[in-house]
Every structure is written in C-alpha cells, then in structure tokens.
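See structure below.
The values are calculated or read from the model by the stated rules, or taken from the named source; none is laboratory data. What you see is a predicted model, and the numbers here were worked out from it, not measured in a lab. Cβ placement follows ideal geometry from the backbone for every residue including glycine, while neighbour counts extend to all protein chains displayed. Accessible surface is based on the protein model in full, side chains and every heavy atom, while ligands, DNA and RNA are left aside. Shrake-Rupley method; radii C 1.70, N 1.55, O 1.52, S 1.80 Å.
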Amino acid sequence: NEAEAIGEWGGLVILGRAPINRCRNAATPAPLNCDNVVEGVSNPDAVYGGVIADDNSGSLRYMVLKHSGFALAPGNELNGISLAGVGSGTTMDYVQVHNSSDDGIEFFGGTVNAKHLVLTGNDDDSLDTDNGLASNIQYVVVKQRDLSGDNMVEASSVAGVTPASNAKVSNFTFIGNATGNAFRLNTGTVGTYVNGVVNNLSECFRWEESAGNGTAG
C-alpha cells in the first residue's frame, strides 16, 4: 500500500559550511572552525559546519520526498531531509516530506531559511531544530498520521553552549493525532513562534527544565 509505505530508503542529506555550535572537537570554540560528522551517515568524511553564514548548497524547490528514513543504530537515524550546516545562500521553497520513519526535516545548525513546507505522516518530529540553527521557517503545514508522530517541532541543542538554537517559525498550521506536542523545547534553545494554528495535540508547549526563553504569538 503506497499510501502507508514508510522507511523504504534512507533520505536526503545536505552538508554545508555555515556555523554550527556542536563541534566534534570539544576544544574547538563554536562557531569558529567548528565542524561535525552528520547523524545517520556511517562515513566519517560526511562533515558539516564552518564560518560561511551565506554558504550556498543550491536550490530545493517544488520537491516531494516520500517513504524515507533509516536507522543505522539507536539514536543515529536518517530523516526525510537532513540539513547540516546549510547556509542562507541556499533556497528551500515548496517542499513536502511524506511518511518518513524518523523526522520530516532536521536542521543541524546552519542559517538556511525555508518556506512553504508540507510535512505529512512522519513518525518522529516533523521539524527538528538543533546544533545552533539560526533560521526563519515560514508557511508550514504539518499533519500527523493516526497513532504515529511525536512533536510537531522539537527544538534543542547542547546545554550551556552558545549560540543557542534560535529558529523563528511563523505562519503555520499543525494538525496532530492527539498524542504528541506542538512544541517541545529542549536543552540549549530559544526561539520565536508566531501566527499559527495548533489542533488535536496532547500539549501545545512542553518546556524542558533547561530550555531558554522563547516567545510565542
């Protein structure tokens, strides 16, 4: 059944040279000369991060990505789309991720802006923002499958490391399955969430103890 197919292949991974805050060398100060190996890929050369905030990884426009997601090991999974250290020179517009067995889109740091996103039927988080992401994400529609899906947005980073993850999400519609959270704000994150509608979720905001201050409107 194609409509229910999920986790049939890996996913799309894009590696850029924009700043991140989680370095593979703990002695390296973020964001200067800070890089890391991306989650979900076994190749140690799959490195992302750098100092080029406006790094250009090309253009993703009018794309539908379906039935992806793969776990190499517990906690080391491929998402529908993984954007790792992707810079603001990259274009991401009119993109749908459908039925990923992990997150719909995970942003590992970087500065890429994204708009007109449709995230449907993804098993874990629909949007996952971490590792010092500093981006604007707008015009987002999320719909979970029945009895599947966790947070609409999970925002996190390493506790005590600066800069914190700080995404601005605006103009969104979130339709849940009555079991997950609209926003789970975890360690090392702040953020702004503006002009949205949230329906049929267990909780709207779930604040972890070490989350930073965010704003919602």
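Only a single criterion out of (1) more than 27 Å from Val64 (Cα to Cα); (2) assigned to a strand (DSSP E or B); (3) among the hydroxyl-bearing types (Ser, Thr, Tyr) is not satisfied by Thr129, namely (1). For the stretch 169-191, name all the residues that are outside any loop (DSSP other than H, G, I, E, B), at negative phi and surrounded by fewer than 16 Cβ atoms within 10 Å (Cβ to Cβ). Across the stretch 169-191, the qualifying residues are Thr173, Ile175.
Restricting the search to the stretch 31-40, which residues are touching a Gly at 6+ places or on another chain (Cβ under 8 Å) and open to solvent by less than 30 Å² (accessible area, probe 1.4 Å)? Result: Cys34, Asn36, Gly40. A count restricted to the stretch 93-102 and to residues that are open to solvent by less than 10 Å² (accessible area, probe 1.4 Å) and either in a strand (DSSP E or B) or within 18 Å of Val37 (Cβ to Cβ) (or both) stands at 2. In a residue-by-residue description of the stretch 138-149, the property of being open to solvent by 20 Å² or more (accessible area, probe 1.4 Å) and farther than 23 Å from Leu185 by Cα applies to at least one position.
Report, by residue number, each residue of the stretch 59-87 that is among the small types (Gly, Ala, Ser) and over 20 Å from Val118 (Cα atoms).
The initial filter retains those residues of the stretch 59-87 that are among the small types (Gly, Ala, Ser), namely 59, 68-69, 71, 73, 75, 80, 82, 84-85, 87.
Result: Ala71, Ala73, Gly75, Gly85, Gly87.
Within the stretch 132-168, restricting attention to residues that are part of a loop (DSSP other than H, G, I, E, B) and acidic (Asp, Glu), the residue that is farthest from the chain's Cα centre (by Cα) is Asp146. Between a first residue in the stretch 109-126 that is closer than 14 Å to Asn171 by Cβ and free of Cβ contacts under 8 Å to residues at least 60 places away in the same chain and a second residue that is in a strand (DSSP E or B) and among the charged types (D, E, K, R), which pairs have beta carbons less than 7 Å apart while being 6 or more apart in sequence or on different chains? Close Cβ pairs (under 7 Å, with a partner that is in a strand (DSSP E or B) and among the charged types (D, E, K, R)) amount to Lys115/Asp93; His116/Asp93.
For the stretch 73-92, the candidate set comprises residues that are assigned to a strand (DSSP E or B) and touching a strand residue (DSSP E or B) at 6+ places or on another chain (Cβ under 6 Å); within that set, the residue that is surrounded by the most Cβ atoms within 10 Å (Cβ to Cβ) is Leu83.
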